[in-house]
1. I'd like to verify a number: residues in segment 28-58 that are in a helix (DSSP H, G or I) and either hydrophobic (A, V, I, L, M, F, W, C) or open to solvent by less than 10 Å² (accessible area, probe 1.4 Å) (or both), how many?
2. Please name all residue pairs, on different chains or six or more residues apart, with Cβ atoms under 7 Å, provided the first residue is in segment 64-83 and is surrounded by 13 or more Cβ atoms within 10 Å (Cβ to Cβ) and the second residue is of a type in the set (S, T, N, Q).
3. Given the conditions (1) at pLDDT 80 or above; (2) under 17 Å from residue 118 (Cα atoms), and given that residue 53 satisfies all but one, which numbered condition is not satisfied?
Amino acid sequence: MSPELRRLYSIRMWAALSPLLALLLNLYFCNIIVPAILFLCFKDTTPQAVPFFKRVLNFQISWTIWLIVGCIILMLIAGVGFFLTAAGHAREPGVAIFWVPVLLWVLLVIAYMIVFLVFTIIMLVRANSRPDYVPPLTIRFFKD
């Protein structure tokens, strides 16, 4: 195998592993740190892979922001429901006002995780065939 072909396979392998590693290490912001490290390691040696690593990093940052914002909003809604229940403004304390937003929060987090998993798998599959894929709701922090 020629050195150029070996280098091309190495680039494709790291480009495919970037979203997969981010998905597996989706704990304590490692989903952002891993693509950032890969981007910093390969930005000088493989300029053709840099746009893909930027897209992965944009995707991870954007979806982490969406998760944090969604959790804050739903916690505020549940908190308001809790205080209304505690103040006696609900006929059945704690049933409708507090538990419905908590259930909604749980369902939305599960839906977020499923959609995040699907988009990560799509990005993983398209790393070799179509590296210009950008998942929906991705904010472009780093331009290509």
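The values are calculated or read from the model by the stated rules, or taken from the named source; none is laboratory data. This is a predicted model, so every value here is computed, not measured. No Cβ is skipped: glycine too gets one built from the backbone with ideal geometry, and neighbour counts run over all protein chains shown. When the accessible area is computed, the model is the full protein with side chains, heavy atoms only, and any ligands, DNA or RNA have been set aside. Shrake-Rupley method; radii C 1.70, N 1.55, O 1.52, S 1.80 Å.
1. Filtering segment 28-58 down to residues in a helix (DSSP H, G or I) leaves 30-42, 50-58.
So of that shortlist, the ones also either hydrophobic (A, V, I, L, M, F, W, C) or open to solvent by less than 10 Å² (accessible area, probe 1.4 Å) (or both) come out as 30-42, 50, 52-53, 56-58.
Adding up the residues that qualify gives 19.
2. Correct list of pairs: 64/31.
3. Of (1) at pLDDT 80 or above; (2) under 17 Å from residue 118 (Cα atoms), only one is false for residue 53: (2).
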